[in-house]
1. May I ask you to compute the full-extension gain from R111 to F45, defined as 0.36 nm times their residue separation minus their alpha-carbon distance, rounded to one decimal in nm?
2. Calculated from DSSP H runs of 4 or more alone, at -39500 (n - 2.57) each and per residue, what is the 222 nm mean residue ellipticity of the chain, nearest 500?
3. Given H placed 1.01 Å from N in the peptide plane, which residues other than close sequence neighbours of F73 have an amide H under 5 Å from its amide H?
4. At a 1.4 Å probe, what is the % contribution of carbon and sulfur to the accessible area of the range 1-130?
5. Hey, can you rank 23-35, 107-119 by average C-beta count inside 10 Å, highest first?
6. What number comes out for accessible area per residue over the chain if the probe is 1.4 Å? Units Å², please.
7. What Kirkwood hydrodynamic radius, in Å, does the chain give when the mean of 1/r is taken over all pairs of distinct Cα atoms and then inverted?
8. Which value in Å is the Kirkwood Rh of the range 82-146 over different Cα pairs?
Amino acid sequence: MPIGDGSLIANRENFIMHNGLRLGDYIPFYFGTRMPMLFVIHNGFNNVKKTASEQIIYCITSVFAIVDHQLEFVYTDGHGVDELTGFFGSDTVADILDHIDKAAIDRKYWRDDKDLDLKRRKEAEFLVRNDIPIGAILGYAVYNLAAKQNLLNLGIDEALIAIRPNFYF
């Protein structure tokens, strides 16, 4: 079941990237936690269905895991559909920390009257084409014990599940 802003999801399906592929052909990962879209989902803003934190699961991978599995990917220095955002291919992955703004990504909040581009940079994306094999998933972060129990009931190894309420609003 899709989660998030339906109009943004539709926009991503039609957004053609620099490589000629659709943004919607990729699984988007953020580089951090507490992203603006999670805030929208948590509060039910912008006609987005409000979703309780314990129903949202962080699926965690890493750039290294994706590279090791030889998966096709691109990454951005900001929100994928923003005109100011730059796209980068796997040939530049060694320079990823030069392209993304880790300080912006790690900020707890994204509003700063002295930096009107902060929100876009916080939402930098790591985009993996097609599916991700289970071996590339390093773990899951959940809001509380009830959410952890739901994953355990699905057969997820307990060692892969971390309770991290500070990742949520």
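1. 22.1 nm
2. -6500 deg cm²/dmol
3. Placed amide hydrogens put S90, R129 under 5 Å from F73.
4. Solvent-exposed carbon and sulfur of the range 1-130 make up 52 percent of the total.
5. So the order, starting with the most tightly packed, is 23-35, 107-119.
6. Ligands and nucleic acids excluded, the figure is 58 Å² per residue.
7. The Cα-based Kirkwood calculation yields 16.9 Å.
8. Averaging 1/r across every pair of different Cα atoms and inverting gives 14.6 Å.
The values are calculated or read from the model by the stated rules, or taken from the named source; none is laboratory data. This structure is a prediction, so every number in the text was calculated from the model and none was measured. Here the Cβ is made from the backbone with ideal geometry for all residues, glycine too, and neighbour counts use every protein chain on show. Quick note on the areas: whole protein, heavy atoms, side chains included, nothing else; ligands and nucleic acids left out. Shrake-Rupley method; radii C 1.70, N 1.55, O 1.52, S 1.80 Å.
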